[in-house]
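Below you'll find the structure, written out as structure tokens, and then a few comments.
The values are calculated or read from the model by the stated rules, or taken from the named source; none is laboratory data. A quick note: this is a predicted structure, and the numbers were derived from the prediction, not measured. Cβ placement follows ideal geometry from the backbone for every residue including glycine, while neighbour counts extend to all protein chains displayed. To get the accessible areas, we keep the full protein, side chains included, count just its heavy atoms, and leave off ligands, DNA and RNA. Shrake-Rupley method; radii C 1.70, N 1.55, O 1.52, S 1.80 Å.
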Amino acid sequence: MSLIAQASRTVPQLLLHLNRHLGTTSCSSAASATSSEPPDVSQLINAAQLLGPESQRRCMEKMRSLPAFPRPKALTPSRREKETSAVLIALCQERKTNEISLLYTRRSRHLRSHSFQISFPGGRRDDHDTSYVDCALRETEEEIGLPRHRIQVWGEAKQLELPRTSSIVPVVGVVRDFSLSELRLNWEEVEEAFTVPLHSLMLPKATRHTQFRSGYSGPVFVVDHYRIWGITGYLTHLFLHCLLPPSLLPHCLKTNIKFIRPFKLPPRLPHHREHSAADPSMRT
């Protein structure tokens, strides 16, 4: 069972340190990201180059050197932090169109927590798993019926140690000649499986953010009726930065999402009827 959704509250801090590590630059204003008509990124993506050995080397070097998450002093340790999990970030080359997509799942309605939320396939590492790759492939096959021999594994990313939840190791892989029809979903864990074209995640209209109560903002991707946020949105943002060469990284993904002071509501004013009851001059 996927544990991605449980870490959604820790996403904003991770994104802040990721942006600093990757050296992205902030936008001067929101208008600057949309001032010019974006190019047709679907025409710029070369599947052979993006899935080639040089792209694999560059992507995994960045994924293995992610910055460590500095634990806030105010957060007390949790027993969940002793657990580990792995997720599969699958680059799918679609059978009919040959375009590159990312594979997502929606958690089942039968789950007691975070039902219907979007995640990558994956889950807790068991004692009999020989590695995080083994864990990610096993969970993927259990959840959506995609056999491990169909996945060309690129490697493991650096383990993300998150406060108050299990640590997560993203595993990157490629599935060529992919079709959703070959999947066999486990309805107890997964409501649906779907792919999102890579170029759709690179459009300015798809990139948004969520403001958390803690004062941080986290990345959100909205494509059609799918809203990818929380730790899944963070992993998607992270992976795009590692996969895409600088020439393909769109301006909308270069924006730093920094700390924003939490907005405090002013004290609630009493209702006019309360004023009338307290003020003798208002009595009849």
### Message
Going by what's in this entry, would GLN152 be described as touching a strand residue (DSSP E or B) at 6+ places or on another chain (Cβ under 8 Å), in contact (Cβ under 8 Å) with a residue 60 or more places away in the chain and among the polar types (S, T, N, Q)?
### Response
no
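Residues checked against (1) modelled with pLDDT under 90; (2) loosely packed, with under 15 Cβ neighbours inside 10 Å; (3) farther than 24 Å from THR97 by Cβ:
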residue	(1), (2), (3)
VAL174	no, no, no
ASP177	no, yes, no
THR195	no, no, no
MET202	no, no, no
LEU238	no, no, yes
ILE260	yes, yes, yes
LEU269	yes, yes, yes
PRO280	yes, yes, yes
### Message
Regarding region 139-146, can at least one residue be identified that is free of Cβ contacts under 8 Å to residues at least 60 places away in the same chain and outside any helix (DSSP H, G or I)?
### Response
yes
## Note on the structure
Note on region 84-106: residues of a type in the set (Val, Ile, Thr), under 23 Å from GLN49 (Cα atoms) and surrounded by 23 or more Cβ atoms within 10 Å (Cβ to Cβ) are ILE89
#### Entry: Residues located in region 204-233, provided they are modelled with pLDDT under 85 and open to solvent by 10 Å² or more (accessible area, probe 1.4 Å)
HIS209, THR210, GLN211, PHE212, ARG213, SER214, TYR216
